[in-house]
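The values are calculated or read from the model by the stated rules, or taken from the named source; none is laboratory data. Note that this is a predicted model, so its numbers are computed, not measured. Backbone-built Cβ (ideal geometry, glycine too); neighbour counts: all protein chains shown. All accessible areas refer to the heavy atoms of the entire protein, side chains included, with ligands and DNA or RNA removed. Shrake-Rupley method; radii C 1.70, N 1.55, O 1.52, S 1.80 Å.
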Amino acid sequence: MQVVFLGTSGSWPTPKRNVTAIALKRGGEVLLFDCGEGTQRQLMQSPLSFMQISRVFLSHFHGDHFLGLPGMVQTMQMNDRKAPLEVYGPVGAEDLVPRLLRLGHFAPNFPVPARDLRDGDVLDFGEYTVRALDAPHAVPALSFVLEEKPRVGRFDLAKAKALGLPEGPLYRRLHAGETVTHGGKTFAPDLVVGPPRRGRKIVYTGDSLPNEKLVPFAMDCDLLIHDATAETSLVEKANQYGHSTARQAAEIAVKCRARRLVLTHVSPRYEEPTKILEDARPVFPEAILAEDFTSLEIPYPE
Ligand SMILES: [Zn+2]
Ligand SMILES: [Zn+2]
């Protein structure tokens with residue numbers, strides 16, 4: 001699993017940073033979290049193909065998070081896209097997205113279904129789920145928790161051999177959870193297959209005040225991507241507009257025992273954003289400040 005930051009600026013772009021978009025590549029699929037203006041061009045400069053995007057999750061309808069969608073969809077169509085593109089967002093998405101997709105002399109000829117998500121909604125995509133949670137912000141907004149389902153446990157080769165089981169199809173069947181017979185004896189899978197291993201968990205706050213309600217859902221996440229619009233000297237202003245400081249982001253990361261913390265949505269006021277990182281590091285020393293095209297590999301926890 002690879003996470004690529006395509007835009008890391010809050011409110012408007014700067015020469016160094018585009019507005020928000022985060023791509024998550026999982027197998028052959030790319031999920032896009034937010035789609036600020038210019039995201040399609042950022043994608044073209046990244047190692048990802050924008051045609052691989054299957055689902056877009058919009059955190060809210062401030063322009064810096066969604067204005068890239070109509071342009072991207074038009075380009076997809078000109079590249080003969082046929083596969084559906086699912087779009088999810090806070091309440092209003094079902095109304096706004098179809099209107100966005102009919103701007104100018106354009107109407108999509110491939111399906112782009114839009115769906116409103118409410119606090120607590122969980123979407124089941126088979127191998128993973130995405131949960132939406134209300135984010136405290138200036139307008140209706142969501143945070144997202146992507147969680148892979150547990151994987152089957154490890155196969156203990158030594159134990160299987162010690163039990164006198166021959167290598168081959170029997171191993172595969174046991175690993176798939178089947179009870180097998182060999183030499184007149186019955187073997188249950190738990191004799192040779194370890195306990196299920198947890199999948200990966202990625203949390204994206206979108207624009208948000210520090211949110212205690214997110215903590216239980218983000219617990220033990222492999223990656224927390226948090227709003228870090230400003231640093232502590234500007235805490236009042238940041239919070240007034242529904243944003244967090246880097247310090248507040250770090251405190252949430254500690255509370256939910258995040259393995260990694262990436263700070264993003266940096267205010268354009270920071271030409272040199274080291275202050276943001278310095279603000280978080282006393283609380284969460286390993287914090288990372290996202291730059292455009294920062295790419296992280298997220299390994300399985302075990
Ligand atoms: Zn924003
Ligand atoms: Zn916003």
Can you tell me which residue in the stretch 29-65 is nearest to Asp116 (Cα to Cα), limited to those that are within 16 Å of ligand 2 (Cβ to nearest atom) and open to solvent by 10 Å² or more (accessible area, probe 1.4 Å)?
Phe61
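With the condition being touching a helix residue (DSSP H, G or I) at 6+ places or on another chain (Cβ under 7 Å) and more than 16 Å from Ser11 (Cα to Cα), I'd like the helices (runs of 4 or more DSSP H) fully within the stretch 231-302 carrying at least 1 qualifying residues. Let's see the steps before the verdict.
Working: elements: 235-240, 246-255, 274-280.
Those helices (runs of 4 or more DSSP H) span 246-255, 274-280.
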Based on this model, can you work out whether Gly184 counts as over 28 Å from Leu31 (Cβ atoms), more than 34 Å from the chain's Cα centre (by Cα) and loosely packed, with under 15 Cβ neighbours inside 10 Å?
yes
Please determine, by comparing only the residues of the stretch 207-243 that are within 16 Å of His62 (Cα to Cα) and among the hydroxyl-bearing types (Ser, Thr, Tyr), which one is surrounded by the most Cβ atoms within 10 Å (Cβ to Cβ).
Thr229
When the stretch 252-300 is examined, which residues are found to be surrounded by 14 or more Cβ atoms within 10 Å (Cβ to Cβ) and among the aromatic types (Phe, Trp, Tyr)?
Tyr270, Phe284, Phe293
Which of the residues belonging to the stretch 127-147 are in contact with a strand residue (DSSP E or B) (Cβ under 7 Å, 6 or more places away or on another chain) and not in a strand (DSSP E or B)?
Glu127, Ala135, His137, Val139, Pro140
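Would you mind stating whether Arg102 is open to solvent by 50 Å² or more (accessible area, probe 1.4 Å) and in contact (Cβ under 8 Å) with a residue 60 or more places away in the chain?
Details: open to solvent by 50 Å² or more (accessible area, probe 1.4 Å): yes; in contact (Cβ under 8 Å) with a residue 60 or more places away in the chain: no.
Here the answer is no, as Arg102 does not meet what is asked.
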Extreme residue, nearest to ligand 2 (Cβ to nearest atom), among residues of the stretch 12-28 that are in contact with a Phe, Trp or Tyr (Cβ under 9 Å, 6 or more places away or on another chain) and not β-branched (Val, Ile, Thr):
Ala21
Pick from Val203, Val192: which is of a type outside the set (Lys, Arg), more than 24 Å from Leu289 (Cβ to Cβ), buried (at least 23 other Cβ atoms within 10 Å of the Cβ) and touching a residue at least 12 places away in the same chain (Cβ under 8 Å)?
Val192
Just to be sure, is Tyr241 modelled with pLDDT of 95 or more and more than 20 Å from the chain's Cα centre (by Cα)?
yes
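I'm checking my understanding of the structure. Among residues of the stretch 227-266 that are of a type in the set (Val, Ile, Thr), in contact (Cβ under 8 Å) with a residue 40 or more places away in the chain and more than 16 Å from ligand 2 (Cβ to nearest atom), which one is nearest to Arg17 (Cα to Cα)? Full working, then the answer.
Quick first cut of the stretch 227-266, residues of a type in the set (Val, Ile, Thr) only: 229, 232, 235, 245, 252, 254, 262, 264, 266.
Pick out the ones that are also in contact (Cβ under 8 Å) with a residue 40 or more places away in the chain and you get 229, 232, 252, 262, 264, 266.
Filter again for more than 16 Å from ligand 2 (Cβ to nearest atom), leaving 232, 252, 262.
On the way: Thr232: 22, Ile252: 25, Val262: 15 Å.
Result: Val262.
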Do we have Asp80 as open to solvent by 70 Å² or more (accessible area, probe 1.4 Å) and at positive phi here?
yes
Taking only the stretch 130-162 into account, find how many residues are away from ligand 2 (no atom under 16 Å from the Cβ) and open to solvent by 30 Å² or more (accessible area, probe 1.4 Å).
14
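Is it the case, given these coordinates, that Arg281 is under 26 Å from Val139 (Cα atoms) and over 19 Å from the mean Cα position of the chain (by Cα)?
Working: under 26 Å from Val139 (Cα atoms): no; over 19 Å from the mean Cα position of the chain (by Cα): yes.
Against the criterion (under 26 Å from Val139 (Cα atoms) and over 19 Å from the mean Cα position of the chain (by Cα)), Arg281 does not qualify.
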Could you look through the stretch 215-225, keep only residues that are touching a residue at least 60 places away in the same chain (Cβ under 8 Å) and more than 16 Å from ligand 2 (Cβ to nearest atom), and pick out the one that is farthest from the chain's Cα centre (by Cα)?
Phe217
